[in-house]
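The values are calculated or read from the model by the stated rules, or taken from the named source; none is laboratory data. Everything numeric here is computed off the predicted structure, so don't read it as measured data. Glycine gets a Cβ as well: all are built from the backbone with ideal geometry, and neighbour counts include every protein chain shown.
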Number of protein chains: 4
Amino acid sequence: MPLSPEQQAEIDELRSAPTQTLRATAPGMEQHLYTAHPVLDHGFVRVIDYMGDDNAITQAARVSYGKGTKSVQNDEGLIRYLMRHWHSTPFEMCEIKLHVKLPVFVARQWIRHRTANVNEYSARYSILDREFYIPAPDDLAAQSTINNQGRGEALTGEEAERVLRYLRDDATRCYDHYEEMISDDGQQGLARELARMNLPANVYTQWYWKVDLHNLLHFLRLRADAHAQYEIRVYADAICNITADWVPFAYKAFEDYRMGGATLSSTALNCVRRMLKGEDVTQENSGMSKGEWREFKGVIG
Amino acid sequence: MPLSPEQQAEIDELRSAPTQTLRATAPGMEQHLYTAHPVLDHGFVRVIDYMGDDNAITQAARVSYGKGTKSVQNDEGLIRYLMRHWHSTPFEMCEIKLHVKLPVFVARQWIRHRTANVNEYSARYSILDREFYIPAPDDLAAQSTINNQGRGEALTGEEAERVLRYLRDDATRCYDHYEEMISDDGQQGLARELARMNLPANVYTQWYWKVDLHNLLHFLRLRADAHAQYEIRVYADAICNITADWVPFAYKAFEDYRMGGATLSSTALNCVRRMLKGEDVTQENSGMSKGEWREFKGVIG
Amino acid sequence: MPLSPEQQAEIDELRSAPTQTLRATAPGMEQHLYTAHPVLDHGFVRVIDYMGDDNAITQAARVSYGKGTKSVQNDEGLIRYLMRHWHSTPFEMCEIKLHVKLPVFVARQWIRHRTANVNEYSARYSILDREFYIPAPDDLAAQSTINNQGRGEALTGEEAERVLRYLRDDATRCYDHYEEMISDDGQQGLARELARMNLPANVYTQWYWKVDLHNLLHFLRLRADAHAQYEIRVYADAICNITADWVPFAYKAFEDYRMGGATLSSTALNCVRRMLKGEDVTQENSGMSKGEWREFKGVIG
Amino acid sequence: MPLSPEQQAEIDELRSAPTQTLRATAPGMEQHLYTAHPVLDHGFVRVIDYMGDDNAITQAARVSYGKGTKSVQNDEGLIRYLMRHWHSTPFEMCEIKLHVKLPVFVARQWIRHRTANVNEYSARYSILDREFYIPAPDDLAAQSTINNQGRGEALTGEEAERVLRYLRDDATRCYDHYEEMISDDGQQGLARELARMNLPANVYTQWYWKVDLHNLLHFLRLRADAHAQYEIRVYADAICNITADWVPFAYKAFEDYRMGGATLSSTALNCVRRMLKGEDVTQENSGMSKGEWREFKGVIG
């Protein structure tokens, strides 16, 4: 349960005080505002603010393309056209601000997406809470034997128990020592900016993260993907649900053209054309490496 | 008068339909929403949307700096502290979206600010309107004789008349030919993407421009500055007025620390210290070049 | 002929003075350094500097992916893997700096690519040359009747002649007046920053443009595409040739996976699978709109 | 000693094989190429590549400002002018690529500078080395009692010993368990992407970091500052030394105008003017808060 009673009370208060605005309002998003969606054992995602809706996308597109968009009769059709043709700037006209609580090793992946605004909790100034991500037994995956970046089956039995014990005990001991080192009770107390170096990468941090819709969708494409690490994917999944309520047309187009789509190389397209003409195309005569061919077969079923 | 009756009717309609929202609302900004502030002879600036207020800045700062901000008792004090110490990320938590109509040569300067989202009217797809910036007589400045990038006094008499005649006649003729070239009446009609090349740089274009508050203030510092070209400065001035109503604490701090402030070099600071001790510091013994010394004297009065 | 004898002499001198360096050197790129490749009637592209080569891409990838890259035995295979899986950061490790002379209306499209460094000739400070882009007769295209952003056949006969006459005469007259307005011979002379507004969008400007390889390839994908406007495509084509000599493995992978590839939506992939199973798929039962279906048929032949 | 004999041999080999190039070469930088400058107990900074030199800055400025720069007679004067007037784009024309080995908690601060290209060693793919930052006794600072983000004196005696013992023992134990968890000797072995979460923030990582000179100087201004955390400041100091050899004019201007300079607010400038006229200005009549006044007195001595 990631929220304290005080935090829940604050959320309830924020949600009880609507004001009037002349801005575009997305009804589906108003439902999410401030509410914390739990992720992992202590994390959450919650919407702090947003700008724009599906209509803000088409409004900007109509500025750019003027008469060029007249033939597309409705907003959904226009949004699909923009998504299909990689016209990204209209999607940049929407913005979202999230409050996210997440383990440090997840934050380190997340921050590599540079086109966003971030204010993170600073362990130079403040003391981190005693909260660590400990995987659920089902998520305690073995190293994949075929993929250097992948996971195999979940560990079981004694091995699983030992891993959980190490993670729990090491985090606890490191945090005990962190607290002891920064204490000024009967001693000087180590600088917080130094003491934090003793904390493991599963300690939780939190930040405000603000991003435009185009860059958000790019983040979701990479991080809600089956190849993303599970611990960041669950955050991306939570944000996907929020986005679907915020900009339903854009999200649906994103699912069709990005999440469910695939990019085929010139060589692969040529193979598709040959196969459709009835030719028996094999890896050997495809022009692809074994790895590419395996991926290609995965895509065209 | 830059707005057509249809546009004014649309603005009136948008302003007559408030909705309820749980988001942070800036009362001063609601007054501006959709309304067109005239700039130059045919241009305008109007707010289409915004995210956040002064409180959103301190809220993000308190996430980052946690206990470190407790000693600063109020929001205004904290915002001044952040501005003074160049803590820029909390200011990135606010966002504004403007609809701007502006001459192309102003747009070319403006677009050099890369950290923003833009959707511009496309002359590949659509036909530009017959509207050109013609300076008012007082703004018809001579080339500065001392500054390569500056202006001198306004032209007068026959010279001023000739300049205005050239600007008006050339724009009119170029536009007549633009229209004639793209016409498909009794001919094929030149592609719009080609015909536009005949239009001079004082033709008006328009765009949606979205930017966060930190980058907006950086833009304003450079473009509302006395050294900026007059024709972009009037846009910056109009946006300054809007920003002052949107985030009054942040704007006031910006005026004190940025617009009215100055950066002194190590050498200049050393001169100040010597002068305060009663030493007679001259350009010759200052360690500065003549240009630096002149600027220095301008700053310290 | 875009280069003056002085400029050619400068290039010859720069090319005659090699120095020793310990940096990675790309032999194919050394051939291009400083040489101006003519584009359009007065434009050019020339390489001023570069950083890195194909090896710099794999070197960075091996830092990131460590043992994960051991199974890929050679540099070309690794580069193809990176391109196929959208691992963009290793491509950011190469950088190129170009000097480009181009018409203003092309510069306005180009500058929309924000992730680059630019120093453009400033008409506030300096006087623009009397050079304008006038299309060759074959490039004097009519507006497409089926595509708002496209071109049809070239204009012919009297219509073509009239267009060329307008473009030439209007540019000449505007430039004559520009010169006359800024002249300080017997008059004050209008400020250069104002006078430039009288120049049409086919006047040439120039800039230094510096960009990393990842963003360069993104630019080339959009601007060397058949849907890009001809006048920017010829610049992209010239840069493609340079890039092919600079990083031959990366460029070849780019051609296969990006330029010659295509992204298929979830719906489109499903149609491919049905067709490969022998089903008769038509637009009506495809789940695609007519526009999507037409594009889909174009891709799969 | 951060480098293995194999790494040193590789550096020696790279440094022994100069090639010829037509590019601009910075002699001071050639001396640094590939050589590892030790930082902290196991870290280093080394230059992998660079583009441009002081001349590349003025070359780009002369493109932009054309005749506007003629009056500035020499390169150093022009570079000082550009730095003084915040003309940042010419400095963006130089680029540097560094290989840095650094503790994770330093990397987390560093990565907040978004305008750079990064390839970091991935602990999803590869196994991190058993190397941890343990502060030297003199750097084992107490928490400042007056500044939430600062350090006081070094810890001594038993308290210092206990801190060092905790840091060493916890790192060792966490790494032992990391190794044990990922081992596939007689067990499945935990996925590397999970096991890494047990490692503390003082474990070393490494990356390739590429940035333009303007953004590098911005990084150095913040991170070589006295208020920066010591553990990142030593990296910034090492890069300062490299930069001084690479672009000596630009670095010297940076030291004068940025590192040694200060920005005074409108209120502070007004106080300076009053003081120079002989007025007795105190905090009470200054218009500044106590904190501002203290900082102001620190600046003007």
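Tabulated values for the structure
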{"quantity": "Condition met for residue D:147 (polar (S, T, N, Q), over 30 Å from residue B:145 (Cα atoms) and in contact with a helix residue (DSSP H, G or I) (Cβ under 7 Å, 6 or more places away or on another chain))", "calculated": "no"}
{"quantity": "Residue count, region A:175-209 (criterion: touching a Cys at 6+ places or on another chain (Cβ under 9 Å) and in contact (Cβ under 8 Å) with a residue 60 or more places away in the chain)", "calculated": "3"}
{"quantity": "Matching helices (runs of 4 or more DSSP H) fully within region C:204-301 where at least 2 residues are over 17 Å from the mean Cα position of the chain (by Cα) and either among the basic types (Lys, Arg) or modelled with pLDDT of 95 or more (or both)", "calculated": "C:248-254, C:266-276, C:283-286, C:290-300"}
{"quantity": "So residue D:20, is it in the same structural domain as residue D:231 (by TED's automatic domain parsing) and either more than 20 Å from residue D:253 (Cα to Cα) or outside any helix (DSSP H, G or I) (or both)", "calculated": "yes"}
{"quantity": "Residue within region C:122-131 that is free of Cβ contacts under 8 Å to residues at least 24 places away in the same chain and within 14 Å of chain D (Cβ to nearest Cβ) present", "calculated": "yes"}
{"quantity": "Of all residues in region A:161-183 being surrounded by 16 or more Cβ atoms within 10 Å (Cβ to Cβ) and among the acidic types (Asp, Glu), the one that is nearest to residue A:202 (Cα to Cα)", "calculated": "A:170"}
{"quantity": "Odd one out for residue A:142, checked against (1) part of a loop (DSSP other than H, G, I, E, B); (2) away from chain B (no Cβ under 14 Å)", "calculated": "(1)"}
{"quantity": "Qualifying positions in region C:104-138 - surrounded by fewer than 17 Cβ atoms within 10 Å (Cβ to Cβ) and part of a helix (DSSP H, G or I)", "calculated": "C:137, C:138"}
{"quantity": "Residue in region D:49-58 that is more than 10 Å from every other protein chain (Cβ to nearest Cβ), assigned to a helix (DSSP H, G or I) and within 21 Å of the chain's Cα centre (by Cα) present", "calculated": "yes"}
{"quantity": "Those residues of region B:271-301 which are free of Cβ contacts under 8 Å to residues at least 12 places away in the same chain and on the phi > 0 side of the Ramachandran plot, in sequence order", "calculated": "B:278, B:301"}
{"quantity": "Any hit, region D:27-48, residues being touching a Leu at 6+ places or on another chain (Cβ under 7 Å), within 13 Å of another protein chain (Cβ to nearest Cβ) and among the β-branched types (Val, Ile, Thr)", "calculated": "yes"}
{"quantity": "Residue check, residue A:268 in contact (Cβ under 8 Å) with a residue 40 or more places away in the chain and within 13 Å of chain C (Cβ to nearest Cβ)", "calculated": "no"}
{"quantity": "Counted residues, region D:1-42 - those being over 19 Å from residue D:243 (Cα atoms) and exposed (fewer than 13 other Cβ atoms within 10 Å of the Cβ)", "calculated": "10"}
{"quantity": "Failed condition for residue C:116, given (1) in contact with a Leu (Cβ under 7 Å, 6 or more places away or on another chain); (2) within 13 Å of chain D (Cβ to nearest Cβ); (3) of a type outside the set (Val, Ile, Thr)", "calculated": "(1)"}
{"quantity": "Subset of region B:103-121 (residues that are in contact (Cβ under 8 Å) with a residue 60 or more places away in the chain, closer than 19 Å to residue B:43 by Cα and not acidic (Asp, Glu))", "calculated": "B:103, B:104, B:105, B:106, B:107, B:108, B:109, B:110, B:118, B:119, B:121"}
{"quantity": "Any chance residue D:164 is within 14 Å of chain C (Cβ to nearest Cβ) and either in a helix (DSSP H, G or I) or modelled with pLDDT of 95 or more (or both)", "calculated": "no"}
{"quantity": "Pairs where the first residue, in region D:152-165, is within 22 Å of residue D:228 (Cα to Cα) and the second is hydrophobic (A, V, I, L, M, F, W, C) and surrounded by fewer than 13 Cβ atoms within 10 Å (Cβ to Cβ), C-beta under 9 Å, 6+ apart", "calculated": "D:152/D:146"}
{"quantity": "Where residue C:91 falls short, out of the listed (1) under 30 Å from residue C:173 (Cβ atoms); (2) touching a His at 6+ places or on another chain (Cβ under 8 Å)", "calculated": "(1)"}
{"quantity": "Residues being under 21 Å from residue A:145 (Cα atoms), outside any helix (DSSP H, G or I) and either within 8 Å of chain A (Cβ to nearest Cβ) or among the small types (Gly, Ala, Ser) (or both) - total across region D:167-203", "calculated": "8"}
{"quantity": "Flag if residue D:14 is at pLDDT below 90 and assigned to a helix (DSSP H, G or I)", "calculated": "yes"}
{"quantity": "Any hit, region A:234-247, residues being surrounded by fewer than 17 Cβ atoms within 10 Å (Cβ to Cβ) and within 14 Å of chain C (Cβ to nearest Cβ)", "calculated": "no"}
{"quantity": "The one condition in (1) within 14 Å of chain A (Cβ to nearest Cβ); (2) aromatic (Phe, Trp, Tyr); (3) in a loop (DSSP other than H, G, I, E, B) that residue B:86 fails to fulfil", "calculated": "(1)"}
{"quantity": "Any chance residue D:96 is of a type in the set (Val, Ile, Thr), assigned by TED's automatic domain parsing to the domain that holds residue D:26, in contact with a Lys or Arg (Cβ under 8 Å, 6 or more places away or on another chain) and surrounded by fewer than 21 Cβ atoms within 10 Å (Cβ to Cβ)", "calculated": "no"}
